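Structure record follows, encoded as structure tokens.
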Amino acid sequence: MNETSEFRSPRDTDGHGTHTASIAAGRYVFPASTLGYAKGVAAGMAPKARLAAYKVCWTAGCFDSDILAAFDAAVADGVDVISLSVGGVVVPYHLDAIAIGAFNAADQGVFVSASAGNGGPGGLTVTNVAPWVATIGAGTIDRDFPADVKLGNGKVVPGVSVYNGPGLSPGRMYPLVYGGTGGGDGYSSSLCLEGSLDPVFVKGKIVVCDRGINSRAAKGEVVKKAGGIGMILANGVFDGEGLVADCHVLPATAVGASNGDEIRGYIDSASKSKSPATATILFKGTRLGVRPAPVVASFSARGPNPETPEILKPDVIAPGLNILAAWPDKVGPSGVSSDSRNTEFNILSGTSMACPHVSGLAALLKAAHPEWSPAAIKSALMTSAYTVDNRGETMLDESNGNTSTVLDFGSGHVHPTKAMDPGLVYDITTMDYIDFLC
């Protein structure tokens, strides 16, 4: 390992571990916000729990040997809950290091929760599917960060963003271009990949970039380096209408697939007329009381379970979109290497954020019911979960706006207070799992 860029200890160098750990067990902090967004009191699910961190991921990746060693160390240290925001491809259980480590942990009475993965919205994408693991998908919360695109033809297109730097001048419209039409090979410039944009073409303009290949924030850095003044990040067909707010390095917003098509269509038709395309981005800060919520996040991995189709995965969903949590020093909030901003909190999305919500809840349930097995805790969370949103209707699927199903949300969205007294618990012993494996 390169000891100038990462630590030979559990200390965090990229932010993921700090963020997920504080969701599970962060103490109360006030005031908390990211660049002025999502202001308020921050708290983890189990603020009085004790936390141990075991580093299994390095710049080179996450090795099975480290994952197994961490499971063994955690069990030996006497933890009650293991939270694992890590995942890979689905393989048979006897070849899956996470499933093997988690089996031993569950056998020793330790509750294991793991991320379902971010491969949605397609089916058969769920990972960490072992029955003795709580597999957690991601839902939205009733808060978002609107940043709308105003087009030169008067249309306003909804988007989301977390940006508070030097902004676009109020009331002024800027030239608007699509990266994919600016010469080069078209494909890499449409994705705003490193070095693909022609500075002559984008200087002083707002650039539309398609999602894919490089990170969302990295696209903004590419636009900024080439002299662009702003970015609109458009979903592809597969991303659907799911929007993720990012801490961009320049004025930028994310829009859904159909709105991306509309913006590109406007650019196209404007180029054929006498008046070139223009736009601006209107940043609206933090919006609360959003309806409907929760909604199943577009990226949240979906069932059916590729390994054992008769056992439904994910088990439950929990908050995983635009979650504010702790962030380390000297790591920029966008994750882009050139980003030198310092912030104590960051807003991230993923099933990585959903998983520690359930880990913290499991710790609370274990404290309230010390005699409960990991299976009992999982049962309590699953049987008490809900499937309706704050309008009283079945939760929607963010990717297409349709009603979501059990293949998207499993048993439903976790309901902590109800799980405390579920009335009925389905318990399972290690021998039941062994019978299943045989």
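The values are calculated or read from the model by the stated rules, or taken from the named source; none is laboratory data. The shown structure was predicted, so the numbers you read here are calculated from the model rather than taken from an experiment. Please note: Cβ atoms are built from the backbone with ideal geometry, for glycine as well, and neighbour counts cover all protein chains shown. Ligands, DNA and RNA are excluded from the accessible area calculation, which covers all protein heavy atoms including side chains. Shrake-Rupley method; radii C 1.70, N 1.55, O 1.52, S 1.80 Å.
The aspartates and glutamates within cross-link reach of K150, meaning a Cα-to-Cα straight distance under 17 Å and a gap of 8 or more places when in the same chain, are D261, E262, D268. Rounded to the nearest 500, the helix-only mean residue ellipticity at 222 nm of the chain stands at -7500 deg cm²/dmol, with each DSSP H run of n ≥ 4 adding -39,500 (n - 2.57). Projected onto its three principal axes, the C-alpha set of segment 216-357 covers 59, 38, 32 Å, listed from the longest axis down.
Close amide H contacts of G119 (hydrogens built in the peptide plane, cut-off under 5 Å, sequence separation of 5 or more or a different chain): A301.
By the Cβ distance rule (another cysteine Cβ under 4.7 Å), the unpaired cysteines of the chain are C247, C355, C438.
A 1.4 Å probe run over the chain, with the rest of the protein chains in place, finds 44 Å² accessible per residue. Place +1 on the Cβ of every Lys and Arg and -1 on the Cβ of every Asp and Glu in segment 146-285, take the dipole about the Cα centre, and give the residue among C209, S271, M173 whose Cα lies farthest towards its positive end. Farthest towards the positive pole: M173. Computed 3J(HN,Hα) for segment 389-398, one whole-Hz value per residue from the Karplus formula 6.51 cos²θ - 1.76 cosθ + 1.60 where θ = phi - 60°, is 9, 6, 9, x, 10, 4, 3, 8, 9, 4, glycine and proline marked x.
If you take every DSSP beta bridge fully contained in the chain, what fraction is antiparallel? Give it as a percent rounded to 5. Antiparallel bridges make up about 50 percent of those DSSP assigns within the chain. When the Gaussian network model of the chain links Cα atoms closer than 10 Å, the mean-square fluctuations of E221, E310, E241 top out at E310. A Cβ-based charge dipole, computed about the Cα centre of segment 146-285 with Lys and Arg at +1 and Asp and Glu at -1, lands at about 520 debye.
Here is the P(r) of segment 1-120: all C-alpha pair distances, binned every 10 Å from 0, give 11, 38, 34, 15, 2 in whole percents. For segment 166-295, the square roots a ≥ b ≥ c of the C-alpha gyration tensor eigenvalues yield an a/c under 1.5, which makes the shape rounded.
The Cα-based radius of gyration and maximum Cα-Cα distance (Dmax) for the chain are 22.4, 75 Å. Annotation for segment 48-99 versus segment 360-415: alpha-carbon center distance of 23 Å. Expressed as a whole percent, the accessible area of segment 1-82 that falls on carbon and sulfur atoms is 54 (1.4 Å probe). Calculated FRET efficiency, D261 to Y386, Cβ-Cβ distance, R0 = 30 Å: about 0.30 to the nearest 0.05. Cα-based radius of gyration for segment 133-240, normalised by 2.2 N^0.38 Å, reads 1.18.
Taking I82, I267, I206 in turn, the Gaussian network model of the chain (Cα-Cα springs below 10 Å) assigns the largest fluctuation to I267. Counting only aspartates and glutamates at least 8 places from K205 when in the same chain, there are none with an alpha carbon closer than 12 Å to its own. Mean separation of Cα pairs under 8 Å and 6+ residues apart, divided by the residue count of segment 324-438: what relative contact order is that in percent? Rounded, it is 21 percent for segment 324-438. Think of segment 92-164 as having a plus end and a minus end, set by charges on the Cβ of Lys, Arg, Asp and Glu; of I136, G152, T125, G152 sits farthest toward the positive end of this dipole. Toward the positive end of the charge dipole of the chain, with +1 on the Cβ of Lys and Arg and -1 on the Cβ of Asp and Glu, the farthest Cα among T59, G410, N235 is that of N235.
Surface composition of segment 146-285: carbon and sulfur make up 58 percent of the accessible area, probe 1.4 Å.
Annotation: extensible slack from R341 through A367 equals 5.5 nm (criterion: 0.36 nm per residue apart, minus Cα-Cα distance). Close amide H contacts of M45 (hydrogens built in the peptide plane, cut-off under 5 Å, sequence separation of 5 or more or a different chain): A24, A25, G26. Note on K48 and D142: the model spin-label points, each 7 Å out from Cα along the C-beta direction, lie 2.8 nm apart. Applying Stokes-Einstein at 25 °C and 0.890 mPa s to the Kirkwood radius of segment 53-118, computed over alpha-carbon pairs, gives a translational diffusion coefficient of 203 µm² s⁻¹. Amide H contacts of V160 (H built 1.01 Å from N, in plane; Pro and chain starts excluded): A147, A254 sit under 5 Å, all sequence-distant by 5 or more or on other chains.
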